[in-house]
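To start, the structure under review is shown below, and the notes come after it.
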Amino acid sequence: MIPRDVASLPQLAVRIAGARGGAVGFLVPTDEGFLPVSYREWLASIERLACGLRHLGVVPGDRVLLSMETCFEWLQCDLAVMSCGAWTVPVYPNLPGAQLNYGIEDARPRFAIVGRRELAIRLLEAPSLRKEISTILLLDGDPPAETGIRWEKVRDWSERAVPTADELRALRDVREGIRSDDPATIIYTSGTSTVPKGVVLTHGNIIGNARSLLEAFTLSPSDRYLAFLPLAHIFERTVEYCISAAGVPIAYAHGVDTVAKDASMIRPTFLLGVPRFFERVLFTVRRNAEARGPIARNLYRIAERGAIRRGRKGPAAARRRLWGVDALLQELFFEPLREKLGGKIRFVVSGSAPLGAAESFFFTGARIPLLEGYGLTEAGPVVSVNTFEAWKAYSVGRPIPGVEARLGEDSEILVRSAGVMSGYWNLEGETQAALQGGWLHTGDLGEIDPRGFITLTGRKKDLIVTSGGKNISPRGIEDRLRSSPLIREAVLFGDRRPYLVALILPDPAGLEEALGAIGVGSLQQGQVRNLLRREIQRLTADLAPHERIRGFEILDEPPSIEAGTLTPTLKIRRAALEAAYAERIAALYEGRRG
């Protein structure tokens, strides 16, 4: 569906608009609902904004920082920047200003495009901003006063500007001159265990991955997609280019808290989510059932167990008709969930981080087929995904068409494809190490079965080597602990120490159910700690002695982006969490707690 002679993303947008013309390609949220925008209108707004950027001084090779929530204007700005031959440097809108500083100093963008005033204020907290950035374009609101920076309005250029014929001709000359191996973007990794690295993806990388996704999934203009994941993450960004090429209309949610309401209006046929989204949905379903009284609570437990049992048989099982009690429980508890998601969902995809098996099986068994995939920014990003045609429990699927995967000597997953990055910005040594022998060394540990299905087992940098010389991958043990209704999050430590210890974030609802009102009181109470200790022992009883947990501490608060213990993609920053709780972790090895 993406012609082989398309070299760049702006050229792809031109092809899409030429093929689809006046068809509705986007649904933009308004106070009254959604405003339809055609592909032709979309391209015209991109060209107007690109001419405005060129007028302001954006030239090929410039880096332009982009910070805004997921919205229609995000891709519009992305394509306008790239149409000028410049590179987009996306940053998460919830990233504190101090954390933005590294990317600004490293990429040295001359311009920034910001969604709203509050984000601009946060951006101005970065010490290096005034040194590097001369002009900021603001989408909504008025700029902060007395900043010493030139301010422009995105809407002035994208909606009201009228480029001359010469300006459009010059823009199109630049656009047609972009090659597939030209950089399109620098995306800074989450930095879960090291400082962030700027991943340079070319136009060919992103187009190649989008082309592979279109071969893996059957999509058509009769589908409809609701977007709410961050476009600063390459997962959502690549997918939106992919489905635009397939003619699938994209509706943008009013916000992350309005997904259910927006879905009831848009009635999407598929959704993308991250594990935290699906975990929250399941938590809400449980709480709603429990609020209906003890009979409903007991019936719901039977229904959830049945859904998980069916889900283990794969997504094809979700299409089979249910009978008897299963059909009644489905109608009672899970059909309302399907309706909240619009009632037309064909499938949902989870990516970005590992999803618990219970959540994965639950959704599939509730007739909302959930397909888990795997990828990383350096791969453009998708490597593998389960599909209806090829699915395996506990795996992240087989490589998508055009992607090769194999294991290194130490069980590291190696990847080769058109989507693999050109390298890390300003990091030649790290680039050479990551791309040894023409294969991307992902840093992820795993297994690949004879049919090509990939199962993830951990991260090389997370590998714990105890003082006794035992190698332990913490992921599998942490997943076990998270499977408990009493435990929301678990993080293991023990590198160069004699045994494993854990930081535990309890699940308040689970504690309340197990202990009554005490469960929502002080989490450090002896009764709560004893309950958690017994649960940890139960879940790890069959593990090898060196894999068992000898002590734990309870987290004072959930990991968060603001505290620096969670990445914008909702991954745990293990080193930051260890530093924040260093004294209490040390006490676990001195016998003072446990």
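The values are calculated or read from the model by the stated rules, or taken from the named source; none is laboratory data. What you see is a predicted model, and the numbers here were worked out from it, not measured in a lab. Using ideal geometry, Cβ is built from the backbone for each residue, glycine included, and neighbour counts are taken over all protein chains shown. Areas reflect the complete protein model, heavy atoms only, side chains present, ligands, DNA and RNA absent. Shrake-Rupley method; radii C 1.70, N 1.55, O 1.52, S 1.80 Å.
May I ask for the net charge around P163, where only other residues with Cβ less than 11 Å from the Cβ of P163 are counted and Lys, Arg are +1 while Asp, Glu are -1? It would help to have the intermediate numbers written out before the result.
Details: positive: R48, R54, R169, R172; negative: E47, D166, E167.
Neighbourhood net charge equals +1.
Here the accessible area is traced with a 1.4 Å probe on the protein chains. For the chain, carbon and sulfur cover 51 percent of it. With the highest mean first, a sort of the peptides 262-271, 465-474 on other beta-carbon atoms found within 10 angstrom per residue produces 262-271, 465-474. For R533, the accessible surface of its heavy atoms amounts to roughly 70 Å² (probe 1.4 Å, protein chains only, rounded to the nearest 10). With the highest mean first, a sort of the peptides 238-244, 494-500 on other beta-carbon atoms found within 10 angstrom per residue produces 238-244, 494-500. Note on V256 and R321: the model spin-label points, each 7 Å out from Cα along the C-beta direction, lie 4.2 nm apart.
Evaluated with a Cβ-only charge set (Lys, Arg +1; Asp, Glu -1), segment 19-107 carries a dipole of roughly 320 debye about its Cα centre, given to the nearest 20. Relative contact order, whole percent, for segment 392-506 stands at 19, derived from Cα pairs under 8 Å and 6 or more residues apart. At 4 °C and 1.567 mPa s, grab the translational diffusion coefficient of the chain from Stokes-Einstein with a Kirkwood Rh over Cα pairs, rounded to a whole number in µm² per second. In µm²/s, the coefficient rounds to 51.
Given segment 223-279 reduced to its alpha-carbon atoms as identical point scatterers, what log10 I(q)/I(0) does the Debye formula return at q = 0.18, 0.31 Å⁻¹? So the normalised log intensities work out to -0.58, -1.42.
A simple count of charges around E339, restricted to other residues whose Cβ falls under 14 Å of its Cβ and scoring Lys, Arg +1 and Asp, Glu -1, yields +3. With the charge dipole of the chain set up from +1 on Lys and Arg Cβ and -1 on Asp and Glu Cβ about the Cα centre, the Cα lying farthest toward the positive end among the listed residues S483, A23, V349 is that of S483. What whole number of Å gives the distance from the Cα centroid of segment 4-43 to the Cα centroid of segment 229-285? Centre-to-centre (Cα) distance: 18 Å.
Among 14-23, 43-52, 108-117, how do they line up from the highest to the lowest mean number of other beta-carbon atoms within 10 Å?
Numbers: 14-23: 16.2, 43-52: 23.6, 108-117: 21.6.
Descending mean neighbour count gives 43-52, 108-117, 14-23.
I need to check one value: relative contact order of segment 227-276, counting alpha carbon pairs closer than 8 Å and at least 6 residues apart, in percent. Value for segment 227-276: 46 percent.
Only Cα pairs under 8 Å and 6+ residues apart enter the sum, and on that basis the relative contact order of the chain stands at 10 percent. The calculated FRET efficiency for the pair R4 and K313, based on their C-beta separation and a Förster distance of 35 Å, comes to about 0.35.
Beyond 32 Å between alpha-carbons counts as too far, so tell me which of K313/K340; K131/K153; K340/K571; K197/K344 fall in that bin. The partial results should precede the final answer.
Working: K313/K340 25 Å; K131/K153 21 Å; K340/K571 27 Å; K197/K344 40 Å.
Where the Cα-Cα span goes over 32 Å, the pairs concerned are K197/K344.
Return the FRET efficiency for the residue pair A19, A390: r is the Cβ-Cβ distance, R0 is 30 Å, and the value is rounded to the nearest 0.05. That gives a FRET efficiency of 0.50. Beta bridges from DSSP with both residues in the chain: antiparallel share about 50 percent, rounded to the nearest 5. Rolling a 1.4 Å probe over the protein heavy atoms gives the chain an accessible area of 42 Å² per residue. Taking N as the residue count of segment 165-240, its C-alpha radius of gyration divided by 2.2 N^0.38 Å amounts to 1.42.
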